[in-house]
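Notes to accompany the following structure.
The values are calculated or read from the model by the stated rules, or taken from the named source; none is laboratory data. Fair warning: this is a prediction, and the values are worked out from it, not measured in the lab. Neighbour counts are summed over all protein chains in view; Cβ atoms, including those assigned to glycine, are modelled from backbone coordinates with ideal geometry. The accessibility values were calculated without ligands, DNA or RNA, using every heavy atom of the protein model including side chains. Shrake-Rupley method; radii C 1.70, N 1.55, O 1.52, S 1.80 Å.
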Amino acid sequence: MTHAHALRGHDLTRAQLATTWDALRTRSPLVQCLTNRVATTLSANVLLAAGASPAMVDTPREARAFAGVASAVLVNLGTPTEESMQGIAEAVTGARESGTPWVLDPIGAGGLPWRSGIATGLLAKRPTIVRGNASEVIGLAGGRGGRGADSIDHPESAVRAACRLVERSGGAVAISGAVDHLVDGRRLALLGHGHPWLTQVTGAGCALGALMAACVACTEDPLLAAATATAAYTVAAERAAELSRGPGSLMPALLDELAQLTPESLAAAVQL
Amino acid sequence: MTHAHALRGHDLTRAQLATTWDALRTRSPLVQCLTNRVATTLSANVLLAAGASPAMVDTPREARAFAGVASAVLVNLGTPTEESMQGIAEAVTGARESGTPWVLDPIGAGGLPWRSGIATGLLAKRPTIVRGNASEVIGLAGGRGGRGADSIDHPESAVRAACRLVERSGGAVAISGAVDHLVDGRRLALLGHGHPWLTQVTGAGCALGALMAACVACTEDPLLAAATATAAYTVAAERAAELSRGPGSLMPALLDELAQLTPESLAAAVQL
Amino acid sequence: MTHAHALRGHDLTRAQLATTWDALRTRSPLVQCLTNRVATTLSANVLLAAGASPAMVDTPREARAFAGVASAVLVNLGTPTEESMQGIAEAVTGARESGTPWVLDPIGAGGLPWRSGIATGLLAKRPTIVRGNASEVIGLAGGRGGRGADSIDHPESAVRAACRLVERSGGAVAISGAVDHLVDGRRLALLGHGHPWLTQVTGAGCALGALMAACVACTEDPLLAAATATAAYTVAAERAAELSRGPGSLMPALLDELAQLTPESLAAAVQL
C-alpha cells in the first residue's frame, strides 16, 4: 500500500526527459483524443506543434477499433454527452484489449456527481496516467471537489489523494498547479515552470493531458511521460510569456515555442 | 406598457460601470455557459481574461443543479442539438428555482423556425438580459429575422422590438451593431465603441453575451450589466485593433487588452 | 470514362481566379457548414476573413430547409455523431432539391470503415467538389486509406483515384498536399503554394474546404472554384509564414492576409 509519507524523491534525469521528447518528435505517435468541446482544437494544435499526430476519433462506432491502432488514448470528461461517454467507454475497452496506454483527465470530478461516478468507473480501468487539478484529484479519491472545473485546493494538499489513486490505477498521477506535483507508487517529482497567464487560457490543462498521452506512447515509465510533457509544455509557456502581452497572445506563442523546442533545449531549461 | 418613444436617456455613469467591472474582477463570478460549438472556446477565454470563471456545464444531467451553484447562466442557441436543448431547459429551470440571473442569446431567431420557437419559449422564462443582433431581436419579437446568424437590420430599427421583448422578459435587451443599443423598460443607452474587424471574428458577439452573464452576477441592474460588458469588450477591441493587422490578430490582442483593462481605464475611455 | 492518362493541362487563367475571388468578396455567399468540432471555429473565421458569410446550421431540424437558402453547403465528416450525420443527410437532400452546390470533405475515408460507408453514400449524391488528402481520396475510391485523418500517400499517387471519383460525382476533386492536385473530368491543375507549418495547424485543410464552398457559389466551374480557394488560401499562408514564428502565430496571420488579399494581388502572386 502506498502512502504519501513513503514517497521519495524521483530518480528522473534531464537526459531521460530529453530522450522521451526526442522519441515523440521522431516517432510522431498517433494520439486518439476523446476530449471536450472547449479544448479540442487547442489539444490537437499542441500535439501537432510537438510533433505528434492527433486523431479526434470519438464516436462509439469507431472508438474501440481505433484504440487498437492508436499509439495512446486521451480520455477527458469535460462537456460530456451521452454519445461521447459511450465513445469513451468503447475507447477504454479497446485500449485495454490492445494494451494501448491511456490518460484520464477527470474534469469536474468531485464537484459534479454524475461525472464523478463515471470518473470513478474509469479509474477502475487503470489509466496509465491520471491528470487533473488538485480539487479533481481529491474529488476522484473520494473527497469533496472544486467549483466546476476550477481547483480550490493546492497541489501539495492533493498528494495523499493522488497516492490513493495510484493504488487503484497502478500508474502515475499528475496534479497541475503553480508547482506541478507528479507521483507514482514510489516517487514524487516537482516541476515549477509555467506562467500565471496559462491559467487564463481555457483548455490549457486539457491540452497538457493530450501531450502526456503522446509522451506515454514513447516510454514505459508513466511518471517520466508525465514529467516530460509537463516540462516541455511549461518551459514553452515560460518562453512564450516573455514574447507575449497577455493570455491572448500567449497561446499562439506557446505553440510556436513547442514546435521549436529541441530535446537539448528542454534538458538545458528544465529544473527537476 | 413600454413604447420605444417613451424611452428616455439612461442615467448610467462611468463610475457605475467602473464599479461593476471592479466587482467582476474581484469576485470572479462562476458563469455557467450553455453555448454553441463555434463560440465555446472564445467565450471561455473572454471570461478568463476578464477575471470571471467559466464552467461549460451543459449536459441535462448536471445543468439544473449547477445553475443553482453558478453566479450566472449564459444560454446561447447556436448549433443546437437535441441534448443541448434539453440541457438549456434544465439550466433555465435551475436558474429560476435559485434566482440565478441568466442571459439569452437567441442566435438565428426569426430566420430559422424551429429555433425561433425555442427562443420564444425561453423568453417567457424571463431572461435577465436578451442579447442579439438587430435581426434576432426583431425576429424574437415576432418580425422576420435575418440570414442565418447574420443581421440584415440596423440596431436603431430594432429598438421598438426590443421594448416588446422587455415587456415580456422584465429585464434588459442589448442590440449589437456599430452602435450598440441597450434598453430596459425605461432607458436607452448607446455605446459606439468597437471595430469593424470584430464582425469578422466568429463568436465575437456570443462571447460578449458570456461577458454580460459575468456582469449580471455583479449588479442588480441588468442594463448596467449589459452596458459594462459592452463597454469593456468594445473598448478593449478598439485598443486591440490599434495593435493588430486584421481580424486574425485582433482576437488574441483583444484578450490581452481585456486582461489589462482596469476599472479606472474603462471609466476614462468609455463614452456614454 | 475518364482516365488519369487522358487528363490534359488546365485552361484556367490568373484573370479567372481573380474574377472568382472578386465575386466572393462582392457577393458574400452564405455558406452552410456541417463540419467537425475541431475545425468549426477556424472554418468560420476563414470564411469571414475572405468576405463570405458562414452559417453553422447543422441540426437535422433545420439543415434541409437552410440548404435551399444557402449559397453553398460544406459537408465534412470529421468528429461524426449520430445527429450530425442525420443533419448532413438532410442538408445534402436540401442542396440537391434546390440545386445548391456542395463540397464533400471525407475526413478519414478509407481508414475508418463506418465513416467510409457514409462517404461512399454521399459521393453517390454527386458533390460539386470533393476535397481531401491523398489517402482520403484513394480510400474513397476504394483503396486502403490513411492513419486516422493523416495522409500516408502523395497527391500525385491519388490522381488516378481522383479521376474515378470524378466519374461518379461529375464534379471536381481537390487533393491537398505540398503540391495541390486538382482534377475534373478533363483537366489537371497543380498549385504549389503554401507552407509546411500549415500541416501543423489542426483543421487547416477543413477550413480550405469551407473556402471552396464559398468559391463554388461564385462560379459555374467547380475546378475554377477549387483552384481559386486553394490559391487564395495558400498564397495567404505563404505571406503569413513570413510574418510568423511557427504554426501558432501562422493562423492569426493567415486570417489577416486573407482579409487583405485583393483579386489583383492574388492574380499577381499565383503560379498556375
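Across the range A:85-101, coupling constants 3J(HN,Hα) worked out from phi with the 6.51/-1.76/1.60 Karplus curve, θ = phi - 60°, read 5, 5, x, 5, 4, 5, 5, 5, 4, x, 5, 5, 4, 9, x, 6, x Hz, and Gly and Pro carry x. Surface burial for A against B, with a 1.4 Å probe and both sides summed, reaches about 2200 Å² of accessible area.
Spin-label model, residue C:114/residue B:8: points 7 Å from Cα along the beta carbon direction are separated by 6.3 nm. Coupling constants for the range B:258-266 follow from the phi torsions by the Karplus curve (6.51 cos²θ - 1.76 cosθ + 1.60, θ = phi - 60°), and in residue order they are 5, 5, 9, 6, 8, x, 5, 5, 5 Hz; glycine and proline get x.
Of the whole protein surface, residue B:251 contributes about 20 Å² of accessible area at a 1.4 Å probe radius.
For chain B, the Cβ-based charge dipole about the Cα centre amounts to some 460 debye (Lys, Arg positive; Asp, Glu negative; other atoms uncharged). Rounded to the nearest 20, the Cβ-based charge dipole of the range B:1-155 about its Cα centre (Lys and Arg +1, Asp and Glu -1) stands at 240 debye. Ranking C:56, C:212 from most to least accessible surface, computed with a 1.4 Å probe over the protein chains only, gives C:56, C:212. Simple rule: put +1 on each Lys or Arg Cβ and -1 on each Asp or Glu Cβ in the range A:14-269, find the dipole, and look at A:163, A:244, A:100; the Cα lying farthest toward the positive end is A:163. Extension gain, residue A:242 to residue A:154: 0.36 nm times the residue separation minus the Cα-Cα distance gives 29.1 nm. Distances between placed amide hydrogens fall under 5 Å for residue B:36 paired with B:78, all partners being 5 or more residues away or on another chain.
When the other protein chains are added to the chain by itself, burial of at least 50 square angstrom of heavy-atom accessible area (probe 1.4 Å, ligands and nucleic acids ignored) affects these residues of the range C:187-213: C:200, C:202.
Note on the range C:163-272: with charges restricted to the Cβ of Lys and Arg (+1) and Asp and Glu (-1), its dipole about the Cα centre is near 300 debye. 3J(HN,Hα) along the range C:38-45: 6, 9, 4, 5, 4, 4, 5, 5 Hz, from the Karplus curve 6.51 cos²θ - 1.76 cosθ + 1.60 with θ = phi - 60°, whole Hz, x for Gly and Pro. Taking a spot 7 Å from the Cα of residue B:19 along the direction of its beta carbon, which residues of the range B:202-226 have an amide N less than 19 Å from it? So the set is B:214-226. Distances between placed amide hydrogens fall under 5 Å for residue B:131 paired with B:104, B:105, B:174, all partners being 5 or more residues away or on another chain. Split the accessible area of chain B by element, probe 1.4 Å, and carbon with sulfur accounts for 52%. Once you reduce the range A:1-80 and the range C:44-102 to the center of their Cα atoms, the two points are 32 Å from each other.
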